[in-house]
Amino acid sequence: MKTLSKSEIQFLLLKLHSLTGIIPIGLFLVFHLGFNSLRTVGVQQYQFGIDLINNMPYLLWIEVLCIHIPILFHSFMGFYVAYQGKFNVFRYAYPRNWMYTLQRVTGGVVFLFLVYHIGTTLFPKMIEGKHLFEASPFLIGIMNEQMSTWSGRLIYLVGILSATFHFANGLWGFCISWGLLIGKDAQRNAGIAFMFVGLVLALWGVATMAAFALDPVSVEPVFSKGMSL
Ligand code: HEM
Ligand code: HEM
């Protein structure tokens, strides 16, 4: 069997990096922001949503395999790509240079945001053993607290804007690098369409932040450990 050369392996890893930006990470981002926006409808609806997810079988496996490993792979490859700058410079004409640079900068910012965000939500939830119906009051309490300070709001604003820009601009980069957008007009129109996608996602996230900040109500578990269903 033919073994792959170093440049073939590098090519495959770059393609995988590009693909993971859309599936599963991009999809996760859309669902995550959409799902969290349930908080704008009401805290009970939001609690119901968190309860649903936290009572799923094999949740940890799904999270590790479909979210954590792809994000870690995309991030480490992303830092490598950013460091090797030369890989893509030829891809963009001058007006796109800003987008090219911002794509790399927002990737780094999103990484830092994720360390903070996961470190203050999922991580304490696991450490303190807040599983099943205990998870929603715990997580809602954390989000209320974070959205009660200007530093917390600023971190989330920067995180949401960076992630949504990175995804929207990344959609364009993805279509170019997979040969899906051929011709100047198609590239320009898709650029505008993807920026609208990013704008809608950003508004979703900011509206969710506002709902937590303006109405920080806490909730009780729907079922406690001692209760039978
Ligand atoms: C208003 C904005 C946001 C809210 C209210 C929010 C809320 C939450 C909560 C409550 C959790 C813990 C879920 C659980 O353990 O059941 C979580 C996890 C997570 N969030 Fe966010 N988040 C927001 C924005 C973002 C953004 C912009 C990103 C991407 C950059 C992101 C990525 C993640 C990831 C990767 C996890 C871990 C997922 C898992 O393992 O289940 N979040 N978020
Ligand atoms: C919310 C999480 C993230 C999403 C949804 C996401 C999505 C994407 C998408 C769709 C692309 C376009 C792929 C292409 O050009 O073919 C991309 C590219 C890129 N991502 Fe991410 N990404 C995320 C997090 C990160 C993180 C944490 C880093 C860390 C450095 C990063 C670094 C990069 C870099 C450097 C590129 C440019 C690759 C190139 O131009 O070839 N991303 N991302």
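The values are calculated or read from the model by the stated rules, or taken from the named source; none is laboratory data. The model shown is predicted, which means the values in this text are computed figures rather than measured ones. All Cβ positions, even for glycine, are placed from backbone atoms using ideal geometry, and neighbour counts span all protein chains on display. Keep in mind that these areas ignore ligands, DNA and RNA; they rest on the heavy atoms of the full protein, side chains included. Shrake-Rupley method; radii C 1.70, N 1.55, O 1.52, S 1.80 Å.
Below, the figures for the structure above:
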quantity	calculated
Sole residue being in contact with a Leu (Cβ under 9 Å, 6 or more places away or on another chain), modelled with pLDDT of 95 or more and open to solvent by less than 60 Å² (accessible area, probe 1.4 Å), chosen from Leu29, Leu38, Leu59	Leu29
Test: residue in the range 143-151 that is within 15 Å of the chain's Cα centre (by Cα) and polar (S, T, N, Q)	no
Any chance Ala168 is at pLDDT 95 or above, of a type in the set (Gly, Ala, Ser) and within 12 Å of ligand 1 (Cβ to nearest atom)	no
Any helices (runs of 4 or more DSSP H) falling wholly within the range 109-211 and containing at least 1 residues that are within 12 Å of ligand 2 (Cβ to nearest atom)	150-177
Which listed residue, of Trp178, Trp204, is in contact (Cβ under 8 Å) with a residue 40 or more places away in the chain and farther than 22 Å from Arg104 by Cβ	Trp204
Residue that is nearest to ligand 2 (Cβ to nearest atom) [pool: residues in the range 75-86 that are outside any loop (DSSP other than H, G, I, E, B) and exposed (fewer than 15 other Cβ atoms within 10 Å of the Cβ)]	Phe79
Segments classed as helices (runs of 4 or more DSSP H), wholly inside the range 1-60, with at least 3 members that are away from ligand 1 (no atom under 11 Å from the Cβ) and under 28 Å from Phe133 (Cβ atoms)	43-54
Top-ranked residue of the range 128-153 - restricted to ones that are small (Gly, Ala, Ser) and more than 18 Å from Pro221 (Cα to Cα), ranked as surrounded by the fewest Cβ atoms within 10 Å (Cβ to Cβ)	Ser151
Hey, Leu72 open to solvent by 40 Å² or more (accessible area, probe 1.4 Å), more than 30 Å from Asp215 (Cβ to Cβ) and more than 16 Å from ligand 1 (Cβ to nearest atom) or not	no
Within the range 36-52, tally of residues that are free of Cβ contacts under 8 Å to residues at least 12 places away in the same chain and under 18 Å from the mean Cα position of the chain (by Cα)	1
Selection within the range 171-210 - more than 14 Å from ligand 1 (Cβ to nearest atom), open to solvent by less than 80 Å² (accessible area, probe 1.4 Å) and closer than 30 Å to Gln146 by Cβ	Leu171, Phe194, Met195, Val197
Residue match in the range 157-180 (condition: touching a His at 6+ places or on another chain (Cβ under 9 Å) and among the small types (Gly, Ala, Ser))	yes
Extreme residue, nearest to ligand 1 (Cβ to nearest atom), among residues of the range 212-226 that are in a helix (DSSP H, G or I) and either aromatic (Phe, Trp, Tyr) or free of Cβ contacts under 8 Å to residues at least 60 places away in the same chain (or both)	Phe212
